[in-house]
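Below is one structure, written out as structure tokens, with a few remarks after it.
The values are calculated or read from the model by the stated rules, or taken from the named source; none is laboratory data. Predicted model only: the values in this text are computed from it and were never measured. Note that each Cβ is placed from the backbone with ideal geometry, even for glycine, and that neighbours are counted across all protein chains shown.
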Amino acid sequence: MRHASAALAAIAVLAPLSAVPLPAQEETSHYRTAISAVGGLSVGSSRFGLREGRGGFGGFGDHERSGFAVGGGLAHDLSSRLTLEAGGLYVDRGSSAWSADAGLRVNLEPSGRSLVPYFAVSGGAYGERSETLVGKLGAGDGSRETGNHRQRGESGRNVMPTFRPGAGAASRTADVVSITSSRRTSGMMTLGGGVQFAAGEHVFVRPDARAQVVFGDTRVLGLFTLNFGYRF
């Protein structure tokens, strides 16, 4: 009789607890797939070099590039803490660039909450069109043929530094003789994060900041975007 009374008491205590859902179950979103439109800004620097076939000199410098970025993305919650995402962007950096990547977002709060900060990592490809300007460097001792790898949108004349042993830097002007265009695609990795704000049951806004590491010439570009999405 005492065992039966103890069993009834245990059931009376556990029954209310079993009726309460787990926190993770409460906070996991019912809508696990999302599409989004993306707009923002891409910033960074590009490195160019100047080489001469004979007589040997070299000048190097960095010039800043920035432009808008537009595109879209698709995401799916693997769990309340892990989201698989993929996206593509057109980047107007004066060189008709684009990027495409896929990766994971680690949610620092369960995805069902109205405010979800996250850390993201992804891998993909970065492509751009570049132009090679072939010209002559003019100076008091004559002119020489040279080539300068530059991107579309710059003027045909540019002042460039030259360096000689035992002498300081001097300025020369390059007159463009011909322009050749080519496309290049490089591997890319992105690291960053952001915060997802729920603006309704289905709608969200997600500011995002990432560093795009472009391999090949090893550039690091900054990407700052605002995502407007719909969950279903």
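Only one of these is farther than 17 Å from residue 87 by Cα, modelled with pLDDT of 95 or more and either in contact with a Phe, Trp or Tyr (Cβ under 6 Å, 6 or more places away or on another chain) or not polar (S, T, N, Q) (or both): 213, 220, 203. Name it.
Result of the check over 213, 220, 203: 203.
Among the residues of the stretch 101-126 satisfying the criterion of being outside any strand (DSSP E or B) and touching a Pro at 6+ places or on another chain (Cβ under 9 Å), which is farthest from residue 213 (Cα to Cα)?
In this case the residue turns out to be 110.
Could you list, in sequence order, all residues of the stretch 186-232 that are of a type in the set (Val, Ile, Thr) and in contact (Cβ under 8 Å) with a residue 12 or more places away in the chain?
Listed by number, the residues that qualify are 190, 195, 203, 205, 213, 214, 220, 225.
When you look at residue 116, is it in contact with a strand residue (DSSP E or B) (Cβ under 9 Å, 6 or more places away or on another chain), among the β-branched types (Val, Ile, Thr) and at pLDDT 95 or above, yes or no?
The answer is yes for residue 116.
Note down all Cβ pairs under 6 Å where the first residue falls in the stretch 100-119 and is closer than 17 Å to residue 207 by Cα, the second is of a type in the set (Lys, Arg), and they're at least six residues apart or on different chains.
From the stretch 100-119, the pairs are 107/81; 118/105.
Of all residues in the stretch 110-123, which are small (Gly, Ala, Ser), surrounded by fewer than 18 Cβ atoms within 10 Å (Cβ to Cβ) and within 13 Å of the chain's Cα centre (by Cα)?
123
If you take the residues in the stretch 119-140 that are of a type in the set (Gly, Ala, Ser) and more than 30 Å from residue 193 (Cβ to Cβ), which one is modelled with the highest pLDDT?
Among those residues, the one meeting the criterion is 130.
Would you point out the residue of the stretch 58-97, among those that are in a strand (DSSP E or B) and polar (S, T, N, Q), that is modelled with the lowest pLDDT?
My answer is 66.
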